[in-house]
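Here is the structure we will look at.
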Amino acid sequence: MNSFMDKLAEKILPIANKLGNNRYLTVLRDAFMLSFPLTMFGSIIVVVNNLPFFSDNTKGTLTELFGNGQNATMSIMSVFVTFGIGYYLCKSYDVEAIFGGAVAFSAFLILTPFFTTLEDGSELGGVLTLDRLGAKGMFIGMIAAFLAAELFARITKKGWQIKMPDGVPPAVAKSFAALIPAIITLFVFLIVNAIMTGIFHANLHDLVYEVIQKPLMGLGSGLPATLIALFFVQFLWFFGLHGQIIVNSVMDPIWNTLMLENLDAYKAGEALPHIITKPFMEVFTVGLGGSGMTLAVVILMAFFVKSQQSKDVGRLALAPGIFNVNEPVIFGLPIVMNATIFIPWLLAPLVVTALNYFVMAIGLVPAPTGVSVPWTVPIIINGILATNSILGGLLQIVDFIIVGIIWFPFLKMLDKQRTTVE
């Protein structure tokens, strides 16, 4: 078994390392993290405005008074993501990052329709709607930002700049240096938008949404794709690679967009369209003790095994595990390259995630509302916050028990091996 794992690691590690160090995936991850504090603030506002014991009138009043806290953060996430992509991509090329972010965001706005369709079918111009800056604009925003930042950086690297004398203040010199690359980049996007509008009588927002975003969201919101993504998270972690970062770099755009659509539906009092969202993945996988749902494993090790080594690791990992930090058990048990616990490490998250999807699909437990819950919030509390229901916390207790049942025989096997040696 160990020989097989070693050979598999030789094949997998180079590919995973390339993915983990990929410039564009790294930029995308950092861009989403830029919006993290803002989405947390917006989520807090949504939770407070919609506490289950408030009457509908109270909820309406609170939304009227404090709703802009969410409108100005979570509802316009595409704004922060597009700026972040431009900023971090240009920074990776050693190009003035702040101008790269501004150009990327402006390119996104050039492609954005400034009108909305009213109920009677007429169009109202001069309007920039929240959905264009939120869920519906996410993918066109990312595409535009990457292309604009790449073009801006390449033009800058070619030296097509206005260079000012040494005595000019740095802020002024940098502005003039960015002038020509910015004008060329934005002019390209303006021409593209003019062609789409004038010749095809369409806009790239709706085209990308229908052709790319909706199919990807349909795929990403399904259980099979989710289990595949989760499998690779576990699989990569087993070889010591941060599976969460690698897989989430690819899946976060989809899961975050699904989250925003759920949030819009929740605010409107409509049925939630999706079960799989970013909060689902954070709360009902990572939120059970970190990657691999290891809080139950840590408690079993700390109090229900004989090996002193396992007991020490379990007790050391208990406090971090409560807050979903599980590197102590991943590298201390160890889980990495430990063939004895390979099966439960892969199996437990897949079984629990499939169960969670099923009970939410049949309506036994409500799906996450779209509120973003910090991944460090402890079990039960995060389940209640994510679903706005105590049933979310109760489901996590069931998950916890299932993980413990799956792991226990393998921990006993490992315990027997260690007590023999000790």
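The values are calculated or read from the model by the stated rules, or taken from the named source; none is laboratory data. Just so you know, these numbers come straight off a predicted model, no measurement behind them. For neighbour counting, all protein chains shown are included, and Cβ atoms are generated from backbone atoms with ideal geometry for every residue, glycine included. The area values use the complete protein model at the heavy-atom level, side chains included, leaving out ligands, DNA and RNA. Shrake-Rupley method; radii C 1.70, N 1.55, O 1.52, S 1.80 Å.
Points worth noting:
- Remark: Leu124 falls outside the filter, which requires a residue to be closer than 24 Å to Ser75 by Cα, open to solvent by 50 Å² or more (accessible area, probe 1.4 Å), touching a residue at least 40 places away in the same chain (Cβ under 8 Å) and not hydroxyl-bearing (Ser, Thr, Tyr).
- Checking Ile254 against (1) surrounded by fewer than 23 Cβ atoms within 10 Å (Cβ to Cβ); (2) in contact with a Gly (Cβ under 9 Å, 6 or more places away or on another chain); (3) within 25 Å of Arg23 (Cα to Cα), the condition it does not meet: (1)
- Of residues in segment 317-351 being under 18 Å from Ile381 (Cα atoms) and of a type in the set (A, V, I, L, M), the one nearest to the chain's Cα centre (by Cα): Val325
- Residue count, segment 58-84 (criterion: polar (S, T, N, Q) and more than 21 Å from the chain's Cα centre (by Cα)): 4
- Only residues that are open to solvent by less than 50 Å² (accessible area, probe 1.4 Å), part of a loop (DSSP other than H, G, I, E, B) and closer than 12 Å to Phe41 by Cβ were counted in segment 66-84, giving 1.
Per-residue answers, yes or no, for (1) in contact with a strand residue (DSSP E or B) (Cβ under 9 Å, 6 or more places away or on another chain); (2) surrounded by 16 or more Cβ atoms within 10 Å (Cβ to Cβ); (3) closer than 22 Å to Arg23 by Cβ:
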site: Phe146; (1), (2), (3): no, yes, yes
site: Pro165; (1), (2), (3): no, no, no
site: Pro170; (1), (2), (3): no, no, no
site: Asn193; (1), (2), (3): no, yes, no
site: Phe200; (1), (2), (3): no, no, no
site: Leu223; (1), (2), (3): no, no, no
site: Thr226; (1), (2), (3): no, yes, no
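Every residue, every condition in (1) more than 19 Å from Leu204 (Cβ to Cβ); (2) acidic (Asp, Glu); (3) out of contact with any helix residue (DSSP H, G or I) (no Cβ under 7 Å at 6 or more places or on another chain), yes or no:
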site	(1), (2), (3)
Thr73	yes, no, no
Asp94	yes, yes, yes
Ala97	yes, no, no
Thr116	no, no, yes
Phe139	no, no, no
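- Within segment 263-284, considering residues that are more than 10 Å from the chain's Cα centre (by Cα) and crowded, with 24+ Cβ neighbours inside 10 Å, the one farthest from Met360 (Cα to Cα): Leu263
- Residue match in segment 304-323 (condition: open to solvent by 20 Å² or more (accessible area, probe 1.4 Å), among the hydroxyl-bearing types (Ser, Thr, Tyr) and in a helix (DSSP H, G or I)): no
- Unmet criterion (only one of (1) under 24 Å from the mean Cα position of the chain (by Cα); (2) surrounded by fewer than 18 Cβ atoms within 10 Å (Cβ to Cβ); (3) of a type in the set (Gly, Ala, Ser)) for Ser55: (1)
- Among the criteria (1) under 30 Å from Lys174 (Cα atoms); (2) under 19 Å from the mean Cα position of the chain (by Cα); (3) open to solvent by less than 60 Å² (accessible area, probe 1.4 Å), the one Tyr87 does not fulfil is (3).
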